[in-house]
């Protein structure tokens, strides 16, 4: 029997002109499929087959794939709102999203004893597309060895050869199809349309100090320096929402999308998940699922929802008077993040993007027209246009550090506005496989309260030692001839910061992360595993977690592409399990 609900969401066209037109010139219209329909968010009282919590990278994949069959009724619940904003689809808008907290949960960690008692800013997308709507758009899969390690450590079926078809299924690679890349998938992967001269000089400088040039960081070999590919289409951000959700959202009457709707907890009958309780327009309502509930709320949101629902270790629940429904010790544990530190130098050429300097403001006028009519130039930048994967550890077999090059001086996620007055450039040094582990727990039983995030980065001394080596290698690249015309005085760590002790102190004062939290609902078969190899929550029925939180260990690169792959695999298994 079909349990499809009555569709109660009113829809209207969202096409419009973003920037208007000029006489004699074609106007630049916002594509209707990106702008999307509007919704009034009236909740249906009928049962759905599938309820997906979170319209981020994995959630958008699931909504698309599960609703392909018109007999499946699917409800996608998102706490944030619409993504129809030029701050999202214009790539340079990422600065506003991160620095100003737009479309963003704007979480902060608890004070970190390993990092000078700082609270660390943890931005996560609160909007259709989730963090794929506010990220730097880099398309990276990590290393084949990452997935082979998962497979060897209790996650059968997750070797690189087994996940590669799902990377290819999700991808439309503009360069063309090959053994490692797919075409005609939903997500557009393109070469960047902005290549700043400082980022080009970084690539040349890397080769001058002995690094190889790498044309494709998702090819057979990752190691080297080169240009990142990004999730853009025609010079605009191509988020998970743009790729998977907007093309089908208005056409499929069996797909209901609820925005500005906060999920409070999962509802159970015994060990079977049967629905969710949500808060919509200050009213608490219930949605019921006949087949499955899928958590895709991310590495902070998914464990928080499990804990609020009484699923997790008793010690994380009792202090908030939450009755334990199911004991899973690993919920919220195993948090991993790519710890990162910025080496920043003055730019003596004044060609960098000092956003608040008069010369940059004058240049920006031309850049606006360049973007309006060609979708190229500064406004199309991913900020970190070039970079590399290098080895700095003595026994490293594959790259253990990622470098991102940016033609602007940065600090604290772009929130240090004094840096916008400086001509400078920044090189990120990022540990790919940190040993430190953190956790997520509840601040209270209030679903609207932020979770307690303990990143615990640099708690393992080996991570700090490796990051010191990474900073030294980045400085070598900065001293190479290709960058000499740009490199002025070092802003941070500063010329007097040279000993291991001084660099360790600098790292603990300034290190941050690059928005890649994973692992808090880990997959596996050990005592800390939350989901099995098919992403089903252990010991419960009709409940899965499908997002980056299931990664047992972090991948050696940016996490958006792997999360889309996880969404593709999860959708296939869900459909298989329900015929």
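The values are calculated or read from the model by the stated rules, or taken from the named source; none is laboratory data. Computed from a predicted model, the values in this text were never measured in an experiment. Here the Cβ is made from the backbone with ideal geometry for all residues, glycine too, and neighbour counts use every protein chain on show.
Here is how the numbers come out for the structure above:
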quantity	calculated
Matching entry among 305, 255, 335 (being farther than 20 Å from residue 521 by Cβ, modelled with pLDDT of 95 or more and crowded, with 22+ Cβ neighbours inside 10 Å)	255
Options 494, 539: the member that is closer than 30 Å to residue 157 by Cβ and over 28 Å from the mean Cα position of the chain (by Cα)	539
Looking only at region 93-106, and only at residues there that are closer than 21 Å to residue 246 by Cβ and either touching a strand residue (DSSP E or B) at 6+ places or on another chain (Cβ under 6 Å) or in a helix (DSSP H, G or I) (or both), the one that is modelled with the lowest pLDDT	97
Hey, residue 455 closer than 30 Å to residue 488 by Cα, at pLDDT 95 or above and crowded, with 23+ Cβ neighbours inside 10 Å or not	no
Unique residue being closer than 21 Å to residue 308 by Cβ, surrounded by fewer than 24 Cβ atoms within 10 Å (Cβ to Cβ) and either touching a helix residue (DSSP H, G or I) at 6+ places or on another chain (Cβ under 7 Å) or at pLDDT below 95 (or both) when the list is 281, 271	281
Some residue of region 479-500 being buried (at least 17 other Cβ atoms within 10 Å of the Cβ), in contact (Cβ under 8 Å) with a residue 12 or more places away in the chain, on the phi > 0 side of the Ramachandran plot and part of a loop (DSSP other than H, G, I, E, B)	no
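Conditions tested, residue by residue: (1) surrounded by fewer than 20 Cβ atoms within 10 Å (Cβ to Cβ); (2) in contact (Cβ under 8 Å) with a residue 24 or more places away in the chain.
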position: 447; (1), (2): yes, yes
position: 470; (1), (2): no, yes
position: 502; (1), (2): yes, no
position: 507; (1), (2): no, yes
position: 530; (1), (2): no, yes
